[in-house]
1. Any residue at all in the stretch 107-120 that's modelled with pLDDT of 85 or more, in contact with a Ser or Thr (Cβ under 6 Å, 6 or more places away or on another chain) and either closer than 30 Å to Ser366 by Cβ or surrounded by 14 or more Cβ atoms within 10 Å (Cβ to Cβ) (or both)?
2. Do you know which of the residues in the stretch 453-474 that are surrounded by 24 or more Cβ atoms within 10 Å (Cβ to Cβ) and not in a loop (DSSP other than H, G, I, E, B) is modelled with the highest pLDDT?
3. Could we say that Leu246 is surrounded by fewer than 19 Cβ atoms within 10 Å (Cβ to Cβ) and at pLDDT 55 or above here?
4. Mind checking which pairs have a first residue in the stretch 80-100 that is closer than 20 Å to Tyr42 by Cβ and open to solvent by less than 10 Å² (accessible area, probe 1.4 Å) and a second that is assigned to a strand (DSSP E or B) and of a type in the set (Phe, Trp, Tyr), Cβ under 7 Å, 6 or more apart or different chains?
Amino acid sequence: MNQHKTPPFGSRVLTAVTATLLAFSTSQVVADKPALSASAKYNKKSGVVTIKGKTAKTLPAQSTVSIFDATTANPLYILKTGPKGTFSYSVPRTTPPCTVRVSAGGSEIAIRVAGTGEACRKAPTCSITGPSVTSYTGKADISFAATAKAKKGSSLSYAWSLSDGATSDQASFDHSFANPGNYRADVTVADAATGLSCSDSITVSVAPDLTNAGLPANAVPQADAPSSDPASPEGRKGDKDSFVVLPYDDMGMQGAGSSVNLPYNPYLGYNSLNAQVLKKVEHKPVVLDGAAVSVFYSAGSNPNDPAGAGSVNSTSQNWFADTKEPGSNWDPATSISSPLDAKGNSTNTVERPVDIKFIDGHNYNSDKAVVRKTEMWDHIRSPIDEAIDPTAPRAGISNIDPQNRYIPAEPRRLTHPDEGVVGSSDSAAGRRAMPGIDGPYAKNDPQQISAYNTQSKTFVAQFLPATPVDDKGRINPYPLMRVEAKEGNAVVAKTDAVFSAADEVGCKQCHSKGGIGSDDSIWRTPVTEAELTTADGKPGPATGAGSFPDGANPAAPWPGAIHN
């Protein structure tokens, strides 16, 4: 049974090897799940909602319990059960929810909140329902259904919206998704008699059918789990002068859309992996630098990962079923021109690769790509050059190449798939690469973090090009990285840490259907060619110039999101 977690915007995530649809009704839990009972009551005087409950004996103590507002799907609190499986929590709420959802161990129930008044008693309750677990290939029909409860005689209407654009006004319907990915399904049930409504949402994770893909079996080995004190076999009593490695990542909107298709990706991997290493000196731990220890990272995995067991992210290259190989749409062995100055350094201008050998069908959007990691490495064909001389070498450029610059100028390096752009952490000297760079889908080689920031006392692996797709094509925005500290050749500390490859804060979050920037008056993705120029031939709104103001007026539409 898959585990629940709380993804962005509060929707419930469902994952499987191909696709999974879990569902729950308002009055019962799925039959093959552990039982769960709970009650909720609102105290108007104190302004507090108290949720109490108990899990079945089949769940161990300290099991995780998640509490959601059933109307908005926003999380209220996550807590642990006590020794006897009981739990209780009070949530301050000026305006209490009419209904809350409580989930634990794969079971979920929706319960009315007592003491909330007449409006809540009249409001309908609804839930997306279906079989407990059903697996599908990427293009198979998935059955969506919702049940609702309302006052006797009420006339209910249903409004479904799926994130691929599909809609329905039926209580149940079938739908197939054309491509693997995460898809959100929202339903709103309205009561015509009272004018009140309820809503529910889930996120269905669809992974590709890899039956004939030719992926290596168990390509990336499962690493052993880190021990609490790897340098101290005796345990806590003997950990004097032992080591601890503390990894963490940082990310931003610009580096969070490596799997977005526009149809050409404007985003690069700008997320970074950082780590500090401490020596346990009594009363005053010492933060160590690169002279004392070295730090490495590789792809890690968790058998209980919500994306699926053995979810690893070792490469950012796509996998193609026709050749049973990874790669992109061009041959990296072909030559690249690079304008250099008199000293042999890059001039930091946008250079035009020549003699590029394109590999037809090996782009991110091709049907031949069964594991679609990113289009970051794909080169764009030049229609102008081809029109002039179809037999001439095809010029083209990948989106990462023009941005792989560093000032002051350094000798130009051809960007290798799986290698991130250069950065300031080491003055563009080192390589920051995915662990599978020397054998995508087959290797998981530890990569050294060569840069050390003396101000923050932190090892910095800047701009790793990880994407939110694991090596089996499953959506996993939070893959694990194994981070190890070494003293000489001996591993003295290691920790598994989440490295965010999420695309949750990309342009599409505002500019997709229902987003705050989805109105026609505000720039959205994708744009059309007609929006590149106006009727009089001037630059159009999609260019970031033209009729849109520069963003100084917050009440007016802003220019293109890419140009903000």
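The values are calculated or read from the model by the stated rules, or taken from the named source; none is laboratory data. Please read these numbers as outputs of a predicted model, since none were measured by experiment. Every residue, glycine among them, receives a Cβ derived from its backbone with ideal geometry; neighbour counts consider all protein chains shown. All accessible areas refer to the heavy atoms of the entire protein, side chains included, with ligands and DNA or RNA removed. Shrake-Rupley method; radii C 1.70, N 1.55, O 1.52, S 1.80 Å.
1. Yes.
2. Phe459
3. Details: surrounded by fewer than 19 Cβ atoms within 10 Å (Cβ to Cβ): yes; at pLDDT 55 or above: yes.
The answer is yes for Leu246.
4. Val91/Tyr77; Val100/Phe68
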